[in-house]
Every structure is written in C-alpha cells, then in structure tokens.
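Asker: Encoded as structure tokens, here's the structure I'll be asking about.
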Number of protein chains: 2
Amino acid sequence: MSTNNKRNGGLRERKKAKTMANVQMHALRLFREIGYNATTVEQIAEAAEISPSTFFRYFSTKEDVMITDNYDPLLIASFEKQPPELSTLQAVRNAMLSGISELSADEIKTMRERNQLIMSVPELRAATLNNLTQTMQLLTEMIAKRTGHKSDDLAVRTFAGAVVGVNISVMFYCAENPEADFAKMLDEALAKLEEGLPL
Amino acid sequence: MSTNNKRNGGLRERKKAKTMANVQMHALRLFREIGYNATTVEQIAEAAEISPSTFFRYFSTKEDVMITDNYDPLLIASFEKQPPELSTLQAVRNAMLSGISELSADEIKTMRERNQLIMSVPELRAATLNNLTQTMQLLTEMIAKRTGHKSDDLAVRTFAGAVVGVNISVMFYCAENPEADFAKMLDEALAKLEEGLPL
DNA sequence: ATATATAGTGATAGTTTGTTCCATTTAAAT
DNA sequence: ATTTAAATGGAACAAACTATCACTATATAT
C-alpha cells in the first residue's frame, strides 16, 4: 500500500458505505410514499441512481434494505464492559440501552419511522423477527460465558428467549404508540421482567 | 337445506380438508427430500394432483403450506377453562401444554419434523415467528381479560412477550436436540420464567 | 327430479423478485 | 504508467405470485 489508503478509509469503502446509505434512504422514502409492496426494486435503484443488479449486490433481498443494521457488535461490546457485580439481567439491560443512548435525535426519529414501517408490513416484520433470532443466539452465548454455564443450557436459552420476547413486545408497543420513548419503555419492560412479571 | 348436508360435514368441506392435508403431506415430503428452496410450487401441485392455481387458493404463499395450523383457538379455549385461583403464568402454562398433550404419537413425530424443517429454513422460520406475533396479541388480550388490565398495558405486553420469547427459545432448543420432548422442555422453561429466570 | 345458484378448479398470460453471466469501467498497487 | 482487482451495468432467465376466465362439481330451492 502506498501513501494514503490502506484497509478501512479507502475510497472504495467510503463510496460503498455512502451508496448503501443512499439506497436505504431512498427506499425508506419510497416505502413511506407509495407503500412497501407498491415500490419495486427498479424504482429504488432508479432513485438511488444505480442499476437493479447493483441493488442486489448491496442487499440480497428487497427486505434487507430496511433490515440491515449493526447493533449486534455494539451489544456485545457493551455487554462485556458491564461490571461483574451486576445481575445478569441488569447487565443485559445496560447493554441494550447503551446502544440506543448514543443515537442523535435525528437518528432516533429515523429509527422510530423505520420501526413503524417494519411492524406494519408483514414481510419486513417477519424478516426482522428472523434477525432477532441471531441476536438471541448471541445473547445466549454472551450470558453463558458470563455465568459460566454451557450455551445449550435450557436456563440460559430461556433467559435469552424471554429478553428477546420482551424486546419484541416493546417494538410493537412503540409502533402503536408513536409518542412513546423506545429506550424508556424497554427499560421499564425489562424491569418488570426482573421483578418476576407482576400483574 | 334438504335432508343431509348442512354446514360442517358437507362433501365440499370434507374434500377441501382432505386436499389441504394431502398437499401439506406432499410438501413436507418434497421439502425433506430435495430441500425447501429447490422444491417448486409446481412440483408440489403435481405431486398432490392439483393445479398451481389451486395450490395458491389453499395457501396464499409457498411458506404457508408449512405454517398453517390452528392452535390459537385451542389455546384460547383451554386458557379460559383454567381455574381463577391459578397464577396467570400457571394458567398460560396449562393452556399451552394441554394443546400438545392431546396429540397422538404420530402427530408428535410429524410436528417434530416440521419444527426441525421450519427452524432450519430462514423463510419458514421468519413466517413462523411472524405468526407467533398473532399468538402474542391473542395472549395479551386473554391475559388482560383475566387480570382486569387494559390490553395496551405495558405489564401485560411484557408478560405476553416473555412467554412467546420463551416459546421461541424452546422451539430452537428442540430443533437442535431432536430427542428432546417439546412439551417437557416448554414446561421446564416456563417454570424457570416463573422462578424469575435463575442462573 | 330438475333447475338454478354457488363454489371450486384449471389454463393462460403477465408482473415482480432475485440469479447468473459477461463486458466495461474504476480504484488500488507496484 | 501499467497491471491487477473490484465494482458496476445490461441482458437473459427461473420461480413466485396475480388476475382473469371458462368449466365443472356441489349445494339449494322448487
């Protein structure tokens, strides 16, 4: 490698990231304007000034353009920083919330719009839920490691399942109540889980 | 209406039910033999001796042929029969398990095969999880009714989310451990939830 | 028993998503 | 500057759906 670009900030990488974000932006706009199903990939590609084939190089399906994000690595990183004296659930709670607290007001607004769209379109909802199973498996491994259990221990699995389930219910809640603050609701819901689901 | 057929046991209804079961059977077989994605709707239709258009009259998507079931009404019926002195979670637990306990050994075997296929094919998994959100909403209403809360109460939502999440984790567990008994695992997992997720 | 209405079926053609292959352009490394 | 590797666009394609229409089988009424 010569003087300037090596691995990360190379021109190619930057251009790719920019193109991807651009495509996602146009997709979100079109989905809102004319509906998810009514929007064709061709239209998205045209709006983003790329070819349909290039669209599919960035996103393997039409759904992916709304689903793709990278919270999992952040979640792991944050979880591993949690002090060992916290309960497991406290650690998970802090980890999940710290990712959100770093977002700007603008990003939060986009996230809310995205969440509403996702929860109202069956295809997107299904893809997102499917994605959450990966998060669940990650959580499982993280918890197993922290507590010294095996990752195929039913107790660990159950724990991770409950946390992800609560997360899903909060996503629904916030989609129905647009004024609700996602982070706050998630915090309250996980607190209830810790209290043993009082009713 | 004349002498014989009225609403339920009419020839039409029976024929439809028979056709539907037949299509599902052939679909499951083909999916196992040559894989989900490699199997076309045309092949399923041919095997079941119907036309592709008829396939889509019975199942609105290819996924549906594996997903369609009717546990929700059974779940409701069973839940409403649970005595009021039980805790809410106990009532849910009994309701979920009673549906399974009525199955024959053969049906359980088919259910296990179906579960393994579903959990291993992303499309089917996504569709199933999406379906579970309906169950979650049903659970929410059932629990709200039983406990006298509103159905948009966060505590109720959280409860339902946790139960469904645990259900999902058990589905994964059983897909990975084919020898595991689904009913038993679900029972144990819900017990752990009731104990406050000990680790 | 027969006629009429209704519901299920199959055939066809069309749209859209998503894949594959190849030629062309563009960035990176020496 | 030249070579090497990656990204792109275009075109042709398979399969999942959709819509429509004519045809058949079933149910209902007289």
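Asker: Determine, yes or no, whether A:Arg157 is closer than 20 Å to A:Leu190 by Cα and of a type in the set (Lys, Arg).
Answerer: Spelling it out, A:Arg157 is indeed closer than 20 Å to A:Leu190 by Cα and of a type in the set (Lys, Arg).
Asker: Going through the stretch A:36-77 one residue at a time, which ones are within 18 Å of A:Thr133 (Cβ to Cβ) and out of contact with any helix residue (DSSP H, G or I) (no Cβ under 8 Å at 6 or more places or on another chain)?
Answerer: A:Ser60, A:Asp69, A:Asn70, A:Pro73 - these are the residues of the stretch A:36-77 that are within 18 Å of A:Thr133 (Cβ to Cβ) and out of contact with any helix residue (DSSP H, G or I) (no Cβ under 8 Å at 6 or more places or on another chain).
Asker: Please enumerate the residues belonging to the stretch B:28-39 that are within 15 Å of DNA strand C (Cβ to nearest atom) and buried (at least 17 other Cβ atoms within 10 Å of the Cβ).
Answerer: Scanning the stretch B:28-39 gives a single hit, B:Tyr36.
Asker: Let me ask something else. Which is in a helix (DSSP H, G or I) and at the interface with chain B (Cβ under 8 Å from one of its Cβ atoms), of A:Ala160, A:Ala144?
Answerer: Within the list A:Ala160, A:Ala144, the selection yields A:Ala160.
Asker: Just for the stretch B:72-98: of the residues that are surrounded by fewer than 15 Cβ atoms within 10 Å (Cβ to Cβ) and aliphatic (A, V, I, L, M), which one is nearest to B:Ala191 (Cα to Cα)?
Answerer: Here the answer is B:Leu86.
Asker: Exactly one of (1) within 11 Å of chain A (Cβ to nearest Cβ); (2) in a loop (DSSP other than H, G, I, E, B) is unmet by B:Arg125. Its number?
Answerer: Against the list (1) within 11 Å of chain A (Cβ to nearest Cβ); (2) in a loop (DSSP other than H, G, I, E, B), B:Arg125 comes up short only on (2).
Asker: OK, next. Which residue is farthest from the other protein chains (Cβ to nearest Cβ), if the candidates are limited to the stretch A:40-71 and must be open to solvent by less than 20 Å² (accessible area, probe 1.4 Å) and away from DNA strand D (no atom under 15 Å from the Cβ)?
Answerer: A:Met66
Asker: Among the residues of the stretch A:175-193, which ones are open to solvent by 10 Å² or more (accessible area, probe 1.4 Å) and not in a loop (DSSP other than H, G, I, E, B)?
Answerer: A:Ala175, A:Glu176, A:Phe182, A:Ala183, A:Lys184, A:Met185, A:Asp187, A:Glu188, A:Ala191, A:Lys192 - these are the residues of the stretch A:175-193 that are open to solvent by 10 Å² or more (accessible area, probe 1.4 Å) and not in a loop (DSSP other than H, G, I, E, B).
Asker: Sticking with this one: B:Ser101 fails exactly one of the following numbered conditions: (1) more than 16 Å from DNA strand D (Cβ to nearest atom); (2) open to solvent by 30 Å² or more (accessible area, probe 1.4 Å); (3) within 14 Å of chain A (Cβ to nearest Cβ). What is the number of that condition?
Answerer: Failed condition: (3).
Asker: Hey, another quick one. More than 12 Å from chain A (Cβ to nearest Cβ), surrounded by 15 or more Cβ atoms within 10 Å (Cβ to Cβ) and either assigned to a helix (DSSP H, G or I) or touching a residue at least 60 places away in the same chain (Cβ under 8 Å) (or both), is that true of B:Asn130?
Answerer: no
Asker: I'd like to verify a number: residues in the stretch A:109-122 that are in contact (Cβ under 8 Å) with a residue 60 or more places away in the chain and open to solvent by 60 Å² or more (accessible area, probe 1.4 Å), how many?
Answerer: Adding up the residues that qualify gives 3.
Asker: Something else now. Going by the conditions given, is B:Phe172 more than 14 Å from chain A (Cβ to nearest Cβ), among the aromatic types (Phe, Trp, Tyr) and open to solvent by less than 20 Å² (accessible area, probe 1.4 Å)?
Answerer: no
The values are calculated or read from the model by the stated rules, or taken from the named source; none is laboratory data. Predicted model only: the values in this text are computed from it and were never measured. Virtual Cβ from ideal backbone geometry, glycine too; neighbours counted across all protein chains shown. Side chains included, ligands, DNA and RNA excluded: accessible areas come from the protein's heavy atoms. Shrake-Rupley method; radii C 1.70, N 1.55, O 1.52, S 1.80 Å.
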